[in-house]
Amino acid sequence: MAALARKRRQAVFRAISAPTRREILNLLRGGQRTVGEIAANFRTSRPAISKHLRLLRSAGLVDMRRDGTNRICALNAKPLRAVNDWLRDYESFWGETLHSLKQYVEEDQ
C-alpha cells in the first residue's frame, strides 16, 4: 500500500511540475471548461494542451466527461493533499526562518 501511495504522490508532483499544467489547474479552479476553452488560454498547440490534460487526468487532478463533441474538464483537487502533507513537514523550518527575520527586523529598528 505504501508503494501505491508513493506512486500516486509522485504522479501528482510530476503533474504540477510544469507551469502550463499548474496554469490549467488554476483555470479549472474557476469552474469546468472544455478542452478548447482551456487551449485558447495558451500559445501552445491544442494537441500539446491535450497531452498536458492527459497527464493531469492520469494523476487524478482533472476529471473529464463528454458532452456531445466536447470534452468537459473539471478540477479534482483532492490529490493535492499529498503536496500539502509533504509541505507540512517543512513548515517548522519556515516558522523558524520567519521568526528569525522578524527578530532581525525588530532589532534593526
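The values are calculated or read from the model by the stated rules, or taken from the named source; none is laboratory data. Every value quoted in this text rests on a predicted model; they were computed, and no experiment measured them. When we count neighbours, we look across all protein chains shown, and the Cβ atoms used for this are built from the backbone with ideal geometry, even at glycine. What goes into the accessible areas is simple: the full protein's heavy atoms, side chains included, and nothing from ligands, DNA or RNA. Shrake-Rupley method; radii C 1.70, N 1.55, O 1.52, S 1.80 Å.
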Quiz prompt | Residue in the range 41-60 that is at positive phi, surrounded by 12 or more Cβ atoms within 10 Å (Cβ to Cβ) and either touching a strand residue (DSSP E or B) at 6+ places or on another chain (Cβ under 6 Å) or part of a loop (DSSP other than H, G, I, E, B) (or both) present | solution = yes
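Inside the range 8-18, can you point out the residues that are open to solvent by 40 Å² or more (accessible area, probe 1.4 Å) and more than 9 Å from the chain's Cα centre (by Cα)?
So in the range 8-18, the residues open to solvent by 40 Å² or more (accessible area, probe 1.4 Å) come out as 8-10, 13-14, 17.
The answer is Arg8, Arg9, Gln10, Arg14.
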Quiz prompt | Hits in the range 19-33 - residues which are surrounded by fewer than 15 Cβ atoms within 10 Å (Cβ to Cβ) and not in a helix (DSSP H, G or I) | solution = Gly30, Gly31, Gln32
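Can you name every residue in the range 65-81 that is touching a strand residue (DSSP E or B) at 6+ places or on another chain (Cβ under 9 Å) and either under 20 Å from Arg6 (Cα atoms) or surrounded by 14 or more Cβ atoms within 10 Å (Cβ to Cβ) (or both)? Step through it out loud before you land on a result.
So in the range 65-81, the residues touching a strand residue (DSSP E or B) at 6+ places or on another chain (Cβ under 9 Å) come out as 65-67, 70-76.
Arg71, Ile72, Cys73, Leu75, Asn76 - these are the residues of the range 65-81 that are touching a strand residue (DSSP E or B) at 6+ places or on another chain (Cβ under 9 Å) and either under 20 Å from Arg6 (Cα atoms) or surrounded by 14 or more Cβ atoms within 10 Å (Cβ to Cβ) (or both).
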